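Down below is the structure, laid out as structure tokens.
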Amino acid sequence: MRITTRAFRRLAVTAAALAAACATVPDLDRELLARPAQPVQVRGAHGVLSREASAQVLDELRRRAPETSVLDRHAAIEQALAGTPLSLGNKATLLQDGRETYGAMLAAIRAARSSIHLEMYIFEAGEVGREFAAALAERRRAGVQVRVLYDSVGSKDTPKEFFEGLRGQGIEVTEYNPVSGAKLLEKGLELQHRDHRKLMVVDGRIAFLGGINISKTYGPAPRGPAGSAPSGPSGASAPSGRGTIGGSRGEAARAGDPDAPFRDRPWRDTQLRLEGPVVAQLQRLFLEQWARQRKESPLAGAAYYPRLAPAGAEIVRAIAGSPDDGVDALYVALISAIENAETQVRITNAYFVPAQELREALETAARRGVDVRLVLPSRSDSWLVTHAARSYYDELLSAGVKIYEREGRILHAKTASIDGAWSTVGSTNLDWISLLHNDELNAVVLGPDFAAAMDRAFTEDVATSREITLAHWRGRALVDRAKEAAARAWARLL
């Protein structure tokens, strides 16, 4: 979320750029070509499968999703980018919005027996934050090891006393890349390196990741041991459908406030709950991030890496990206998947300021007959990003890309589904901040069943969106064109 942090980060980048120019932009095409294609590995509950067994797994996927060859051409590239094998035997549950996500996360916390590892870009101290803090403290009193890693910029509006209160309960708390006036002068652009990941791992057996922070913008959290509904106003969103949104917009127009529907409703976002062998990958990613920040060796042992039996039928890969690696791995993997798409591309993204390689991949796919559709925000917490995104609409629409702007609620999700077989949920925005400066984390899920759930969610968002047509877009006001041109000039800082 970018209510206050984007402005802070732009100022930091601008100040550093005056002395030392902007960060070098990675050559994404070279990054793709430089990755050697190797046989795809698949890891099951008992270790890495043989080449023959891995091939059988992919053959079964092809049988279930026969209308695409994205798995053939893309999986090896993605493996080289991520450095992790595909993980077999997982259960992946799609969660939408804060109420559903917070209920599932709090239920997992309250059932924890050995460890809770929470990594958040934004951890607010309001009603939702207090509910999480209370649940974490209760588990710590029960003997569970609890560790919290929060980002200094993302959580800069959270009082330090809140985190000191967690420490006072015996919870280990670490601030990622702390920011201060002295450090701004000393480190400059290094302070742009932020931990934008949203990850929770419980007992090394259950993991949550996606775009949802711990914040009031998603509405109140369910309360009670079983995640029961709180008393008072509900955090549930208004019913979907054009009628509801059309009515709200009419009321707002009469009141002279077109942003009223956005201001009063929880943000629209997506999270993923995972069980099965892939959780070990996510546990390792947390413990490595924790150790790097504290300058110590990563924790290990059976307490953190229990034996994980198969929990479902999903094939999943965790993909972590960091500016230390040169380029965000998910960003490049997404471009590769689009380039190999044959039937459809579905992308929902909160902050869409795409690099040239991504724009070209989308446009080329549309021109060769792939049904390419984007759901983007009609309103955002950053007007600069909204107008910068719109500055690319003309060329995308001209190539045949279909664009929809989500109405009625602020869109914060970062998801994609390709050819009904390849899906991703995570923290990665399609903008320059994610590409150049953020640590990000996504999960890729292979298979038609999960992709069908993703496509249903996409269809629901389209139903509450306004389609942008090329003819209508070219008739927009001159003042809007001026805003887009001004915002695009800032694109590398967004």
So ALA361 ticks every box in (1) aliphatic (A, V, I, L, M); (2) out of contact with any Phe, Trp or Tyr (no Cβ under 7 Å at 6 or more places or on another chain); (3) at pLDDT below 90; (4) part of a helix (DSSP H, G or I) but one. Which box is left unticked? (3)
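Which ones in segment 180-197 are among the acidic types (Asp, Glu) and either modelled with pLDDT of 70 or more or surrounded by 14 or more Cβ atoms within 10 Å (Cβ to Cβ) (or both)?
Result: GLU190, ASP195.
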Expected single match for in a loop (DSSP other than H, G, I, E, B) and of a type in the set (Val, Ile, Thr) among VAL327, VAL332, VAL372 is VAL327
Just the residues that are touching a Phe, Trp or Tyr at 6+ places or on another chain (Cβ under 8 Å) and under 28 Å from VAL462 (Cα atoms), please, taken from segment 301-346. GLU314, ALA337, ARG346
Report, by residue number, each residue of segment 387-411 that is without any contact (Cβ under 8 Å) to a residue 40 or more places away in the chain and either touching a strand residue (DSSP E or B) at 6+ places or on another chain (Cβ under 6 Å) or closer than 22 Å to THR217 by Cα (or both). ALA389, VAL401
Can you go through GLU467, GLU484, GLU460 and tell me which one is of a type outside the set (S, T, N, Q), surrounded by fewer than 21 Cβ atoms within 10 Å (Cβ to Cβ) and in a strand (DSSP E or B)? GLU467
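Is segment 285-304 home to any residue that is in contact with a Gly (Cβ under 6 Å, 6 or more places away or on another chain) and surrounded by fewer than 21 Cβ atoms within 10 Å (Cβ to Cβ)?
Narrowing segment 285-304 to residues in contact with a Gly (Cβ under 6 Å, 6 or more places away or on another chain): 304.
Applying the additional criterion that residues be surrounded by fewer than 21 Cβ atoms within 10 Å (Cβ to Cβ) yields 304.
The answer is yes; a qualifying residue exists.
Among the residues of segment 265-282 satisfying the criterion of being β-branched (Val, Ile, Thr) and within 10 Å of ASN90 (Cβ to Cβ), which is surrounded by the fewest Cβ atoms within 10 Å (Cβ to Cβ)? Quick ask: steps written out before the conclusion?
Start the filter on segment 265-282 by keeping residues that are β-branched (Val, Ile, Thr), which leaves 270, 278-279.
Remaining after also requiring within 10 Å of ASN90 (Cβ to Cβ): 278-279.
On the way: VAL278: 30, VAL279: 25.
Among those that are β-branched (Val, Ile, Thr) and within 10 Å of ASN90 (Cβ to Cβ), it is VAL279.
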Determine which member of the set GLY475, GLY408 is on the phi > 0 side of the Ramachandran plot and of a type in the set (Gly, Ala, Ser). GLY408
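The values are calculated or read from the model by the stated rules, or taken from the named source; none is laboratory data. The structure displayed is predicted, hence computed values, not measured ones. All Cβ positions, glycine included, derive from the backbone under ideal geometry; neighbour counts span all protein chains shown.
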